[in-house]
Amino acid sequence: MNHAKELQAILDETMEISRIPMSLYDENGSCIASTAPTDHTIADAVREFLHSDIENQSLGAYHYIRILCPDSRLFVLLAASSTPDAFTIGRLTAGQIRRFLASREDAVTKSGFIHNLVNGNLSEQERERQIKKLKLSPAIWGVFLIECADELKDSYAYPMLEHAFADSRTDFCCELDARRLLLVKDVTNILKDYDRETSHTSRARRKKTAAAADLRSSPALKQFAQTRVDTLRAEALVQTHIGYGRTADSFTDLPAAYQEACTALQIRNTFFAGQDTISYDRLGTGRLIANLPLDVCHAFLYEVFGDAVPENQDEETQNTIQKFYENNLNISETARQLYLHRNTLVYRLERLEKTLGLDIRKFDDAMTFKLAMMILAHIREQEPLS
């Protein structure tokens, strides 16, 4: 039940003034707020009262008061019948609860709904109620988690995102915290357009692409995410990166898709910091390393480097290594892009070999070094103080 803290506060305040213990039950007979001792045996009596046509009744040690909200939700308030005015105080409290729930009903928004949904703050009953209230329809959604380099307090990023997508009944956006935005986008048309653009491919390929209810990822989603990064950078002057998961075709699947986007972004920050966007189903080696036990990681580094695990390289060395990998270990092309003489690059790589004991001009050593650096980044992420 949403608003449980606020409902508990209402009962606490009433208890402080009247000294009358009360408990509030939902239509399933579950206690959601109480200032009375827990009594599990009373749940059956509450459910029986709910299924009756009686508005109020006194039974045992309690007055039972029915609360019917404007959206047809039912609640039962139990007020201990310990004083002559307990029933009157109970009725007044029931009215206060009804007004509170009615005000919260009017306050339901799309951004609040999606924020609570992906964070698991809505029960199934509350989720369906808000879907009905907001008149939402199912779609095929892409879930894009947008992380900004700086805090969003003085940024135009969220208003721009909201203006672009909030008018659609099947698109949602919200602020998650000081640096993160969430965009849940209906990608049905994006995927259809992609299918049309690839219609020249073989029949089997088209069939595979069109069977996209689960859409593990596609160039279309990557292109959409990159466009958002470019737009926010150019128009809102905000540096961002985006993680996204597999698509979801029901409200029930959206929290899982959101968690995939979170995982993708986390792995991106550790292993692929140079990428603007990253997909959950394209995490590759990063996914494997992120799930390795730390003792296995330490053992691997010792096997490769012994006790001389390399510290952070200087910027020149890092840039040289990165360009060398980007050019598939091609010395001539790397030297050209770095504006170096070929022999100068060879000298740098030989100097690195003496330091590391690995010659990254050779494929096996290059792969070993790449894995070792990713594992080292993982260890530092998990053990930042070590």
Exercise. Which of (1) under 30 Å from residue 113 (Cα atoms); (2) in a helix (DSSP H, G or I) is the odd one out, the single condition residue 41 does not satisfy?
Worked result: (1)
Problem set entry | Residues (touching a Leu at 6+ places or on another chain (Cβ under 9 Å) and under 18 Å from residue 356 (Cβ atoms)) located in the stretch 314-345 | 317, 319, 320, 321, 323, 324, 331, 334, 345
Problem set entry | Residues satisfying the stated conditions in the stretch 336-356, i.e. more than 23 Å from residue 310 (Cα to Cα) and part of a helix (DSSP H, G or I) | 336, 337, 342, 343
Problem set entry | Condition met for residue 326 (at pLDDT below 90 and farther than 30 Å from residue 115 by Cα) | yes
Problem set entry | Residue that is basic (Lys, Arg), touching a Phe, Trp or Tyr at 6+ places or on another chain (Cβ under 8 Å) and in contact (Cβ under 8 Å) with a residue 24 or more places away in the chain, where the choices are 268, 228 | 228
Seminar exercise, completed: When the stretch 309-335 is checked residue by residue, the ones that are surrounded by 12 or more Cβ atoms within 10 Å (Cβ to Cβ) and assigned to a loop (DSSP other than H, G, I, E, B) are 309, 310, 313, 327, 329, 330
Seminar exercise, completed: Filtering the stretch 105-124 for residues that are more than 19 Å from the chain's Cα centre (by Cα), surrounded by 14 or more Cβ atoms within 10 Å (Cβ to Cβ) and in a helix (DSSP H, G or I) leaves a count of 1
Exercise. Can you tell which of 111, 103 is out of contact with any helix residue (DSSP H, G or I) (no Cβ under 9 Å at 6 or more places or on another chain) and polar (S, T, N, Q)?
Worked result: 103
Exercise. So residue 53 clears everything in (1) over 30 Å from residue 117 (Cα atoms); (2) charged (D, E, K, R); (3) at pLDDT 90 or above except one condition, right? Which one?
Worked result: (3)
Problem set entry | Test for residue 93: is it more than 24 Å from residue 127 (Cβ to Cβ), in contact (Cβ under 8 Å) with a residue 24 or more places away in the chain and outside the structural domain of residue 130 (by TED's automatic domain parsing) | yes
Exercise. Somewhere in the stretch 110-122, is a residue under 26 Å from residue 35 (Cβ atoms), without any contact (Cβ under 8 Å) to a residue 60 or more places away in the chain and not aromatic (Phe, Trp, Tyr)?
Worked result: no
For this session: State whether one or more residues within the stretch 127-136 are assigned by TED's automatic domain parsing to the domain that holds residue 247, under 18 Å from the mean Cα position of the chain (by Cα) and under 30 Å from residue 101 (Cα atoms).
Result: yes
Problem set entry | Residue in the stretch 319-333 that is outside the structural domain of residue 273 (by TED's automatic domain parsing), closer than 23 Å to residue 274 by Cβ and among the aromatic types (Phe, Trp, Tyr) present | yes
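The values are calculated or read from the model by the stated rules, or taken from the named source; none is laboratory data. Quick caveat: nothing in here was measured; it's all calculated off a predicted structure. Because the Cβ atoms are built from the backbone with ideal geometry, glycine has one as well, and the counts that use them run over all protein chains shown.
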